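The structure under discussion appears below in the form of structure tokens.
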Amino acid sequence: MGSLSPPSFSNTISSSKHTLNSNHIDETTLINLFKSQQNHLNFFFNNIDHSQTLSFTRLLLSTAGTIFFSGVGKSGFVARKISQTLVSLAIRSVFLSPVDALHGDIGIVSAGDVVVLLSKSGATDELLRLVPCARAKGAELVAVVSVEGSALSAMCDMTVVLPLERELCPFNLAPVTSTAIQMVFGDTVAIALMGARNLSKEEYAGNHPAGKIGKSLIFKVKDVMKKEDELPICRESDLIMDQLMELTSKGCGCLLVVDDNHHLIGTFTDGDLRRTLKASGDAIFKLTVGEMCNRKPRIIGPDAMAVEAMKKMEAPPSPVQFLPVINDDCTLIGIVTLHGLVSAGL
């Protein structure tokens, strides 16, 4: 982000009060607030101690145990989010409620673990009470604060100071900037750990099986294709009009034309039917599927990624609604449809 020199904060506050009193927010006030927040974030980026950040990141990378994150209030929400991000990256992490920890949950902490304590002030009472309990378990303690020389820092093994110019709140009270920099800090460290651990796309997708990210990287054609009795199959010698039921009943919008060994010969679509009827008239009653089928259809293998099938369907010169699935010896084993891919969440 480039540095910006925002208008006077007092002017922004004055404008904010006016718009609040009139039950209206004008565009200038909103723009000024965004510029002020950007300036406060620039202060964080320009003043953060990268040596502290590097030591912290290396500690998490080398930890053989669990990485616990803890905080109270808004910092607690951020701590939970950072922990969940690490879990999604296959890093063992847990959010530890400081209140619950003092009533039994501290039992989950053991030697070799790291406990990261997030607090803007470094004076949060619940965290100060948690420190000796976590230390007794043999865990390494890290304070992530925005006040240098805080009580929490003095009690921990390591401190990372997140530079905070002020909160965007006109009273400098609501934690809207401090939590933003906590989130930026935590997520950036998470991605650094992701890179250092050489996490692959496939491993990342394995942790997101229900989402579109995971499905696009996990699902293969064989996972979403129709097969066996679901296939609209016919022979090239079959009359077109005799195969209308097969064409319309399987929900694929086509016929898959095969030989006696189940090798794919071609495809005949409902669009082909309309064009043939328009061009041939009554002669269509004597035409076979083999005479009018497309003998060079787009095809795909069962081990191709499902997302690749979608791209192949949408490729020029014109999109198609299905792809026959064949194995290495050109034997038809299934069909994947656009509707099937969309239904699968791709």
Checklist entry - What fraction of the DSSP beta bridges in the chain is antiparallel, stated in percent and rounded to the nearest 5? => result 40 percent
Next on the checklist: Given the whole protein assembly as supplied and a 1.4 Å probe, what does the accessible area of residue 156 come to in Å², nearest 10?
Outcome noted: 20 Å²
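What's the extension gain from residue 248 to residue 329 if we count 0.36 nm per residue and subtract their Cα-Cα distance?
Working: separation 81, 0.36 × 81 = 29.16 nm, distance 2.82 nm.
This chain segment gains 26.3 nm when fully extended.
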Checklist entry - Treating the beta-carbon of each Lys and Arg as +1 and of each Asp and Glu as -1, no other charges, what is the dipole magnitude of region 221-344 about its Cα centre, to the nearest 20 debye? => result 500 debye
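About its Cα centre, how strong a charge dipole does the chain have in debye, to the nearest 20, once Lys and Arg get +1 and Asp and Glu get -1 at the Cβ?
660 debye
Run the numbers for residue 31 and residue 45: contour at 0.36 nm per residue of separation, minus the present Cα-Cα distance, in nm.
This chain segment gains 2.9 nm when fully extended.
Find out how many positive minus negative residues lie around residue 55, taking Lys and Arg as positive, Asp and Glu as negative, among other residues whose Cβ is under 14 Å from that of residue 55. Walk me through the numbers on the way to the answer.
On the way: positive: 58; negative: 49, 140, 157.
Once positives and negatives cancel, what remains is -2.
Can you give the FRET efficiency to the nearest 0.05 for residue 197 and residue 239, using r as the Cβ-Cβ distance and R₀ = 56 Å?
Working: r = 61 Å, r/R0 = 1.10.
Efficiency, rounded to the nearest 0.05: 0.35.
What is the percent carbon and sulfur in the accessible area of region 221-344, measuring with a 1.4 Å probe over the protein chains and ignoring ligands? Could you put the intermediate results ahead of the total?
Details: 3640 of 6830 Å².
For region 221-344, the apolar C and S fraction of the accessible surface comes to 53 percent.
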Checklist entry - Against the longest principal axis of the chain, how steep is helix 125-136, in degrees 0 to 90 to the nearest 10, with axes from Cα atoms? => result 80 degrees
Checklist entry - Per residue, how many Å² of accessible area does region 27-199 show with a 1.4 Å probe? => result 45 Å²
Item to check | Charge dipole of region 27-199 about the Cα centre (unit charges at C-beta), most positive-ward option of 182, 119, 192 | outcome: 192
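So, for region 221-344, what is the accessible surface per residue at a probe of 1.4 Å, expressed in square angstrom? Could you put the intermediate results ahead of the total?
Working: 6830 Å² over 124 residues.
Spelled out: the 1.4 Å probe surface of region 221-344, per residue, equals 55 Å².
Calculated from DSSP H runs of 4 or more alone, at -39500 (n - 2.57) each and per residue, what is the 222 nm mean residue ellipticity of the chain, nearest 500? Kindly include the intermediate steps, with their values, before the conclusion.
Details: 16 runs with 155 residues, N = 346.
Calculated at 222 nm, the ellipticity per residue is -13000 deg cm²/dmol.
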Checklist entry - Which residue, chosen from 86, 309, 288, occupies the Cα position most advanced towards the positive end of the dipole of the chain, where the dipole is computed from +1 (Lys, Arg) and -1 (Asp, Glu) charges on Cβ about the Cα centre? => result 86
Checklist entry - Under 30 Å from the Cα of residue 215, which lysines turn up, not counting those fewer than eight places away in the same chain? => result 81, 201, 226, 227, 250, 296, 311, 312
Item to check | Carbon plus sulfur fraction of accessible area for region 27-199, probe 1.4 Å, in percent | outcome: 58 percent
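By how many nm would the segment from residue 187 to residue 121 grow when fully extended, if each residue of separation counts as 0.36 nm and the alpha-carbon distance is taken off?
Values: separation 66, 0.36 × 66 = 23.76 nm, distance 2.06 nm.
Once the chain is fully extended between residue 187 and residue 121, it gains 21.7 nm.
Taking 2.2 N^0.38 Å as the expected size of a compact globular protein, what ratio does the Cα radius of gyration of region 27-199 give against it, to two decimals? Walk me through the numbers before you get to the answer.
Details: Rg = 16.0 Å, N = 173, 2.2 N^0.38 = 15.6 Å.
Output field value: 1.03.
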Checklist entry - Counting Lys +1, Arg +1, Asp -1, Glu -1, what net charge surrounds residue 149 among other residues with beta carbon under 15 Å of its beta carbon? => result -1
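When 1/r is averaged over all different Cα pairs and the result inverted, which Kirkwood radius in Å belongs to region 271-346? The partial results should precede the final answer.
On the way: mean 1/r = 0.0705 Å⁻¹.
The answer is 14.2 Å.
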Item to check | Percent RCO, i.e. relative contact order, over the chain, from Cα pairs under 8 Å lying at least 6 residues apart | outcome: 12 percent
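By per-residue mean of other Cβ atoms within 10 Å, what is the highest-first order of 172-180, 282-290, 64-72? List each step's numbers first, then the result.
Numbers: 172-180: 17.0, 282-290: 14.8, 64-72: 21.2.
The densest-packed peptide leads the list: 64-72, 172-180, 282-290.
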Checklist entry - Where nothing but the Cβ of Lys and Arg (+1) and of Asp and Glu (-1) is charged, how large is the charge dipole of region 27-199 around its Cα centre, in debye to the nearest 20? => result 260 debye
Next on the checklist: Of the listed values [x] 35; [y] 53; [z] 24, identify the label whose number matches percent of Cα pairs over 34 Å apart calculated from this model.
Outcome noted: [y]
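The values are calculated or read from the model by the stated rules, or taken from the named source; none is laboratory data. Model, not experiment: these values are computed from the prediction. Positions of Cβ are generated from backbone atoms using ideal geometry, with glycine treated the same way; all protein chains shown enter the neighbour counts. Only protein heavy atoms, including side chains, enter the accessible area calculation; ligands, DNA and RNA are left aside. Shrake-Rupley method; radii C 1.70, N 1.55, O 1.52, S 1.80 Å.
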